[in-house]
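*Asks:* I am attaching a structure below and will ask some questions about it afterwards.
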Amino acid sequence: RSIASRRVSNGGIKDWLNWRGFFEFRKAKWADLLRDAYKTMNELYPHLFRQDVFDWYMPERETVLHILFALNRYNFKNVDRDVLGKLYESYLEREERKRLGQFYTPEEVIDYILEAVGYTVEHEIEGKLLLDPACGSGGFLVRAVKILNERLKAKGFDAETILHQIQEHIYGFDINPFAAHLAEMNLLFQVIDLISETKRVNPSFSVDKFNIYVTDSLRPPGQTS
């Protein structure tokens with residue numbers, strides 16, 4: 001979407017090598033490519049891409065190469081933006097899904113529930129809070145963001161205002177840290193066009209953290225274990 005310079009996917013590795021002046025493949029420092037990609041994305045959405053306590057670890061060179069070249073084959077511009085939910089469920093062990101009650105909710109069911117509570121483009125949903133207390137990878141939140149985006153666009157709001165409205169009024173909780181991470185990434189996918197439009201007007205714009213939190217929403221208040 002031309003928001004950040006290409007580093008990994010769709011031929012980005014070749015461009016990076018040329019830019020760095022590497023003429024021999026074996027001399028390339030692939031860990032630097034990862035750090036460079038994260039630095040680029042940190043300017044867009046710091047919460048997911050800033051350095052943290054786990055950054056002391058770097059996989060072996062061959063592992064990094066395998067991952068980079070697997071990703072390099074794809075042009076993510078054309079990927080279904082709600083692919084994360086389906087991907088997440090496919091990698092969950094059956095017993096783990098059963099233990100945590102983690103199943104991908106079909107979009108038809110999500111739409112039915114949202115319509116039942118009046119969260120539709122036809123209703124005055126601007127300013128209303130929406131919470132999914134067990135959001136998983138963000139299926140309900142993704143649909144809600146699309147609805148709110150469509151509603152606010154029809155009312156003439158600009159892209160930056162719509163982004164702020166989404167971040168102030170859409171909430172998700174989940175007990176699984178990885179699911180919460182995917183939900184946050186999924187929401188980032190949904191607003192990528194809004195970000196692109198906003199950065200054309202305001203190049204220094206960066207996205208605040210979405211309201212996705214790792215917590216047990218069924219735990220009584222005050223209970224610590």
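*Asks:* Normalised by the empirical 2.2 N^0.38 Å for globular proteins, what value does the Cα Rg of the chain take?
*Replies:* 1.13
*Asks:* How far apart, in nm, are two points set 7 Å out from the Cα along the Cα-to-Cβ line at Ala116 and at Glu160?
*Replies:* 4.0 nm
*Asks:* What residue among Pro106, Ala28, Leu163 has its Cα farthest toward the positive end of the dipole of the chain, where the charges are +1 on Lys, Arg and -1 on Asp, Glu, each on the Cβ?
*Replies:* Ala28
*Asks:* Could you give the angle, 0 to 90 degrees to the nearest 10, between helix 61-72's Cα long axis and the longest principal axis of the Cα atoms of the chain?
*Replies:* Taking Cα atoms only, the helix is inclined about 60 degrees.
*Asks:* Enter the mean projected area of the convex hull around the alpha-carbon atoms of the range 111-163, in nm², rounded to one decimal.
*Replies:* Over all viewing directions, the range 111-163 projects a mean Cα-hull area of 3.8 nm².
*Asks:* With a 1.4 Å probe and all protein chains in place, put Val191, Val214 in order of accessible area, largest first.
*Replies:* Descending order: Val214, Val191.
*Asks:* Now for a different question. List the trypsin sites (Lys or Arg not before Pro) within the range 87-160 that fall in a DSSP loop (any state other than H, G, I, E or B) and whose Cβ has at most 13 other Cβ atoms within 10 Å.
*Replies:* Here the trypsin sites (Lys or Arg not before Pro) that fit, given the DSSP loop and packing criteria, are Lys128, Lys155.
*Asks:* Related question: Any chance you could run the full-extension gain for Thr105 through Arg200? It's 0.36 nm times the residue separation minus the Cα-Cα distance, nm to one decimal.
*Replies:* Full-extension gain reported as 30.7 nm.
*Asks:* What's the longest uninterrupted piece of the chain once you rule out the GluC sites (Glu not before Pro) that are loop residues per DSSP with at most 16 other Cβ within 10 Å?
*Replies:* That would be 127-225.
*Asks:* I need the trypsin sites (Lys or Arg not before Pro) found in the range 157-225, filtered to DSSP loop residues with at most 13 other beta carbons within 10 Å of theirs.
*Replies:* Listed in order of number, the matching sites are Lys209.
*Asks:* To make sure I understand the rule: partners must be aspartates and glutamates, Cα under 16 Å from the Cα of Lys29, and not fewer than 8 residues away in the same chain. Which ones qualify?
*Replies:* Asp15, Glu60, Glu62
*Asks:* Considering only protein heavy atoms, what is the solvent-accessible area of Thr215 at a probe of 1.4 Å, reported in Å² to the nearest 10?
*Replies:* Thr215 exposes around 40 Å² with every protein chain in place.
*Asks:* Further, regarding this structure: Looking at Leu17, Gly138, Ile192, which one has the Cα that reaches farthest to the positive end of the dipole of the chain (charges on Cβ: Lys, Arg +1; Asp, Glu -1)?
*Replies:* Leu17
The values are calculated or read from the model by the stated rules, or taken from the named source; none is laboratory data. The shown structure was predicted, so the numbers you read here are calculated from the model rather than taken from an experiment. With ideal geometry, Cβ positions are generated from the backbone for all residues, glycine too; neighbour counts draw on all protein chains shown. Areas reflect the complete protein model, heavy atoms only, side chains present, ligands, DNA and RNA absent. Shrake-Rupley method; radii C 1.70, N 1.55, O 1.52, S 1.80 Å.
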